[in-house]
Structure formats: C-alpha cells, structure tokens
Amino acid sequence: MTAAELVKHLGARFGQGVLGEQLTKDSFPTVWIRPEIAPAVHRFLKSEIARPFSLLADLWAIDETARRHREGQPPSGVTIASHLVSLDRNLDICLKVPLDAQQPRAHSIAHVYPNADWYEREAYDLFGVQFEGRKDHRRILLPPLWEGHPLRKDQPVRATERPPFVMTQAQFDAEERALAVDPQALDLPTERDGLELMILNYGPHSMATHGVFRIVLALDGEEIVAARPDIGFHHRGAEKIAERQSWHQFIPYTDRIDYLGGLMGELPYLQAVERLCGITVPDRAKTIRIMLAEFFRIMNHLLFYGTMAQDCGAMSPVFYMFTDRERAYRVIEAVTGARMHPGWFRIGGVAADLPEGWERLVREFLDWMPSRLDDYAGMVLGNEIFRGRTVGIAAYDTATALEWGITGPGLRATGCGFDIRKARPYGGYENFEFEVPTGVHGDCYDRVLVRVEEIRQSLRIIRQCLDHMPSGPIKADHPLTTPPPRERMLHDIDTLIHHFVGVSWGPVVPVGEATGQIETARGLTQYSLISDGTTTSYRTRIRTPSFTHLQSVAAIAPGLTVADLVAYLGSIDYVMSDVDR
C-alpha cells in the first residue's frame, strides 16, 4: 500500500472524520482528522492494519492564532500533530487535529501509544492543551507553579518583555514545597504485601543520573518496585528561541540540543530548511557533512564507552578514551576552528572548504583507532565484573522498545536493524558502504556492544570520505544560502549587498512545512519546521531521542536493584539538554 493508497484507505474507513490531506514539502502524507476520532485512527494505524505504524515518533502542538498562511487547511486555533512511523513499510504519516484556540481540548492517545504520555504533558505544559482521558495534567518541563503556557503566541519571547523578576522568600518556599514528593500524585505505591516501601529521591544531583535528572523510586530493600522519572531541571526553551532568531542564526543553537552530538544536530534542521527553500546541496558539501558527523558519532560513543565502564566500576578506560577523543578533536578543530559546538554547517552547504593537510590528520586517526578498540574489548567487554553488571540487566524486546519510542542503539540492541542512514539514506549516505550492528538480548551489554561496533562502522564511512572526497563547490548556488561566497563578496557589490541583507536581516524562507530526520548517536532526531514566509521560523519542533528514552525508565526499571539502575541509566546514553531542550 502506497502513501496515497493509505490516505484513501483512511478516508474510506473513517469517512467525514477525515478532513483532508495537507500538501507539505515532505515525502510522507499529512492528514487532518476530527478530534473525536483521533484515538480510533491511531488505534487503527497501530493495531488494525498489516505492517502497522508501531512507532509514535513525536506528538506536538502548534499555536495557529498568529499564522497568516494556512491555505488548504481546516480552521484551527491550536493543532495537535502526531508523527507515526511504520518500520515494515519504511513509511511515515503525520496526523493533525484542529482544536479551539481559547480552550484547546483533545483526546488522549496514551492508551494506544504509551509514550504519548510525556508528549501530551508537554503539550499541556507549553500550550495549555487539555487531553480527555488523562489522569492528570502535571507540568513536565516547567516548574509546578509556573503561570501560563510559554509556547503560545501571546506569551513573550524575551525576558525583557516581562517585568523584572524578584524571588521573594515566600515564593522560594512555595516553589520548594511544590517540588516535594507526593507518592499519591505520582501514582507511586507506598506498600507491598503489607510492608511499607521506601520512597527515595534519586537525583537530581546524583552523578549516577548523569546530570539534572531525578527519579522518584519506591524501594523494597534494594529492589525497585516503581520508578517515576522527573525532568525539566535543564529546560532552556530552545523551541521558543527559534521564533526570535533568523533561520541562519538558529544553527548554533542546534549544536546545544544534544551537546555531545556537535555538528550532527545541525543536519536535521538544515534538511528541513533546505526542503522549504528547494536547495540541493553539492556533493562535496554532503561528503564533508557526513565525515564530520561520523567523527562526532565516534566521539560520543567513546565518551559513552568510558563513562559506562566507570559507572560499572572501571576507572582506567575513560582516561584512555579521552586521549582518543582529543585526537579526533584535532581534525574537528582543523576543519571548523572549534571543538564541541562548531556551528559550522550552513544553509545549502558548509562554512568553508577543507583546510590544507586535512587528509593527513584524518588518516592518522583512522590508523590509530582500530587497535585501541581491540584493547578496550579486553579491558571492558571481556571484563568479568563489567559483564556481571550488564549481561541480562534491564533487557527489553523490540516490541517494548517501539511501544516506548526507543530508537537508535537502544532499539538495535534488541535485534531490530532500523537505522535511518540505511533505511532512508539522507545527505549522501546512499553512496557509502557500512553495516548496521544489532544485538540479540536487548540488555545493557548488548547496548554497549552495538555502540562499539558502530564506532568501527563510522571509521569505515570516514575512510570512504577520505578516499573518495568529491571536488566542486561547498555551497549551493542559490539566493537563500547564507552567506554567499566570501571571494565573490569582496569583488562584487551585488554580492556584498546580498551578504549584508543575509546577515542583518536573514533569508526569507518560502511558506510551507518540512521535516528533517537523521540518525544521531542516540537515535531518531527530527526537526519539524513551519515557515510563514518571514525571516524567522513560525514553529520549530525538535524531536529528541533522549526525551522518550527516559520515559521508558518507568516501565523497565521495576525489578532491578538500585545498583542495576546505575548500569541501566548509563546504557541509555541520554543527554539532559537533549531531554529538556
């Protein structure tokens, strides 16, 4: 069944409940449906058709009240969009539900897709959408006592648009009380078999939680009976910031969503912008992007590898692996002039060509790394204590992973080989030979094993970039790429004017909607952009893998010990800025 046939099938099945299809710049269909049939449509797509849409990749809200260009769309004050993925079909579909602007009310689909729970809480927190069928509407990213819903268009973008903030002692005390653990509000059990359970605050400052992240545990001795993850301590409002920055100015912010992914985070954003603009990226720029993205994948996995070993009691590996990362940073610095957050990709290409001597630096790293990985295999993977801490711990199968929206190495460790680079190649990956490593048991050990093998595959991809780097331009010859080539700007007044307008004003991106998807070190990262024909984004939705991966802790942690939880959290490889955004 093709995408067109699927849309036709939905129309036949649900009749007037389907309001029509919206034209976007994406290759998958976007279908508007009435609010009252949303649960039934989602249930139909997940459970009642062959090759179902088993993965809810994202669910988000759009405030339509200030939008000028909505041609071909039904009236809506606030829209709920859900993005579904069928791995068997290798096909996506986006469903949109129109809601009232003043009192937006939707129907919950958390009983169909369990990982919709946090997404619905986020839509309430940031947009004020009430979901019928939910037990509660607790905030998830903002403090419990926050007033208003900040991603609504009537909410200020800048702090200077609000009165000066003054924290009084009374307000401080109220905020502290609001953060106190209430087992009943969290639906936490307080006893089992007549015995009182210990309610433990695990985090948000524990090193084992890898940052500002709290889990409220109900413990029977060392056994975890129930776990409730609590996020939002690191929320920075990146999606709101995108509304005030020009399309070009927002590029550096994408590096800081997943701050360990570096340049990788720029790719899905630029994919969506380039689709909206109709820009084709030159082959040399594509290959440079891939080479640098794979360098950052290696550096991320090395950091994971070392800290995972450290979490399980081995101190030495992380120090060795930081030496490896430093050698990789030599390449990154030579090419981009920066380290963790280069902000170096551009709309339509990259900021500059490769420097003289880049081949030598890349070749030295490729020759250095394989033997180091062989050493680490004995040091970590073959270590009896490490295996005892990880083999058989926090195991889950493919169905559970998809139920909770788990992608990336966490999904592939279960034996499912879904990798966007291979399943739906983007940005030139179709020209590269590499394998997709998978596991068998879906436990902590397999999640480590998959990432270690991914390092080897990334080395393989980088060597192909080295051996087959195309010649030619590094930026598309298109008026919306910014900035134009410097050598032309210095000799051509028309180009200089274009440069000035592009830097000070920014490109005006054509009206439309587009989605960018890539396989980051953590899994599926997705940017869903809406342009209203201005110099800034009307709506920037950032789907991050870490957000939904942490939600699954509540389902997988029960039955583990507290010591097991440390290993399990390490094996997720989450980044809190990737969670809270």
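Only Cα pairs under 8 Å and at least 6 apart count here; give the relative contact order of segment 238-543 as a rounded whole percent.
On the way: 524 pairs, mean separation 88.3, N = 306.
With pairs under 8 Å counted, the relative contact order is 29 percent.
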The size of the Cβ-based charge dipole (Lys, Arg +1; Asp, Glu -1) of the chain about the Cα centre, to the nearest 20 debye, is 1240 debye
What's the long-distance tail for segment 380-437, i.e. % of Cα pairs beyond 13 Å? 67 percent
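Restricting to DSSP loop positions (anything but H, G, I, E, B) with no more than 12 other Cβ atoms inside 10 Å of their own Cβ, which GluC sites (Glu not before Pro) remain in segment 30-105? The partial results should precede the final answer.
Working: sites: Glu36, Glu48, Glu64, Glu71; in loops: Glu48, Glu64, Glu71.
Counting only loop positions with at most 12 other Cβ atoms within 10 Å, the GluC sites (Glu not before Pro) in segment 30-105 are Glu48, Glu71.
Nearest 0.05, what FRET efficiency do Arg68 and Arg363 give at R0 = 51 Å with Cβ-Cβ as r? Please report the intermediate quantities before stating the final value.
Working: r = 53 Å, r/R0 = 1.03.
That gives a FRET efficiency of 0.45.
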Charged-residue dipole, Cβ positions (Lys, Arg, Asp, Glu), segment 3-154 about Cα centre, Debye nearest 20: 140 debye
As I understand it, the dipole of the chain uses +1 on the Cβ of Lys and Arg and -1 on the Cβ of Asp and Glu, about the Cα centre. Which of Val225, Gly559, Trp60 lies farthest toward its positive end? Trp60
Can you pull the one-decimal nm distance between simple spin-label points at Val181 and Ser316, each 7 Å off the Cα toward Cβ? 3.8 nm
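Could you give me D for the chain, from Stokes-Einstein at 25 °C and 0.890 mPa s, where the hydrodynamic radius is the Kirkwood radius over C-alpha pairs? Units µm² s⁻¹, please. Can you show the working numbers first?
Numbers: Rh = 25.0 Å.
D = 98 µm²/s.
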Dividing the alpha-carbon radius of gyration of segment 3-154 by 2.2 N^0.38 Å, where N counts its residues, gives 1.03
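Looking at this model, which pairs from Lys8/Lys240; Lys240/Lys422; Lys96/Lys153; Lys153/Lys286; Lys25/Lys286 are more than 29 angstrom apart at the alpha-carbon? Walk me through the intermediate numbers first.
On the way: Lys8/Lys240 36 Å; Lys240/Lys422 32 Å; Lys96/Lys153 19 Å; Lys153/Lys286 36 Å; Lys25/Lys286 20 Å.
The answer is Lys8/Lys240; Lys240/Lys422; Lys153/Lys286.
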Summing -39500 (n - 2.57) over every DSSP H run of at least 4 in the chain, dividing by its residue total and rounding to the nearest 500, the 222 nm mean residue ellipticity is -11500 deg cm²/dmol
If a/c stays under 1.5 just call it rounded; otherwise compare a/b with b/c (prolate if a/b is bigger, oblate if not). Do that for segment 208-349, with a ≥ b ≥ c from the square roots of the Cα gyration tensor eigenvalues. oblate
Relative contact order of segment 3-154, defined on C-alpha pairs under 8 angstrom at six or more residues apart (%): 20 percent
Histogram of C-alpha separations across segment 130-263, 10 Å bin width, %: 9, 28, 33, 22, 7, 1, 0
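Mind checking segment 445-543 for chymotrypsin sites (Phe, Trp or Tyr not before Pro) that DSSP puts in a loop (not H, G, I, E or B) and that have at most 12 other Cβ atoms within 10 Å?
Numbers: sites: Tyr445, Phe500, Trp505, Tyr527, Tyr538; in loops: Trp505, Tyr538.
Taking segment 445-543 and a limit of 12 other Cβ atoms within 10 Å, the loop chymotrypsin sites (Phe, Trp or Tyr not before Pro) found are Trp505.
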What is the sum of charges, Lys and Arg at +1 and Asp and Glu at -1, for the other residues whose Cβ falls under 15 Å from the Cβ of Glu326? +2
Starting from the Cα gyration tensor of segment 438-581, take the square roots of the eigenvalues, sort them a ≥ b ≥ c, and report rounded, prolate or oblate (rounded when a/c is under 1.5, otherwise prolate if a/b is larger than b/c, else oblate). oblate
Amide H of Ala57 versus every other amide H placed in the peptide plane: which residues, excluding those fewer than 5 positions away on the same chain, fall under 5 Å? His83, Leu84, Val85
Using 0.36 nm per residue, how much length does the chain from Ala3 to Thr534 gain when fully extended, once their Cα-Cα distance is taken away? 188.1 nm
Taking the dipole of the chain about the Cα centre (Lys, Arg +1; Asp, Glu -1; charges at Cβ), the one of Met198, Gly313, Phe14 that reaches farthest to the positive side is Phe14
If we sort 529-535, 234-240 on the protection proxy, mean other Cβ atoms within 10 Å, highest first, what's the order? 529-535, 234-240
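For the chain, what is the relative contact order in percent, using Cα pairs closer than 8 Å and at least 6 residues apart in sequence? List each step's numbers first, then the result.
Details: 1103 pairs, mean separation 97.7, N = 581.
Averaging sequence separation for qualifying contacts and normalising by length gives 17 percent for the chain.
Going through segment 140-218, which trypsin sites (Lys or Arg not before Pro) have at most 13 other Cβ atoms within 10 Å and a DSSP loop state? Intermediate values should be presented prior to the final figure.
Numbers: sites: Arg152, Lys153, Arg158, Arg177, Arg192, Arg214; in loops: Arg152, Lys153, Arg158.
Listed in order of number, the matching sites are Arg158.
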Mind listing the phi-derived Karplus ³J(HN,Hα) values for segment 418-431, rounded to whole Hz, using 6.51, -1.76 and 1.60 with θ = phi - 60°, and x for any glycine or proline? 7, 9, 4, 4, 9, 6, 9, x, 10, x, x, 4, 5, 8
Give me, ordered by chain and number, the residues 5 or more places off Tyr202 or on other chains with an amide H under 5 Å from its own placed amide H. Ile215, Val216, Leu217
Within the chain, which DSSP H helices have Cα atoms that stretch 20 Å or more along the helix axis and a mean Kyte-Doolittle hydropathy of at least -0.5? 283-311, 316-336, 444-467
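None of the figures in this text is laboratory data; all of them are computed from the coordinates on show. Keep in mind the model is a prediction, meaning the values are calculated, not measured. Using ideal geometry, Cβ is built from the backbone for each residue, glycine included, and neighbour counts are taken over all protein chains shown.
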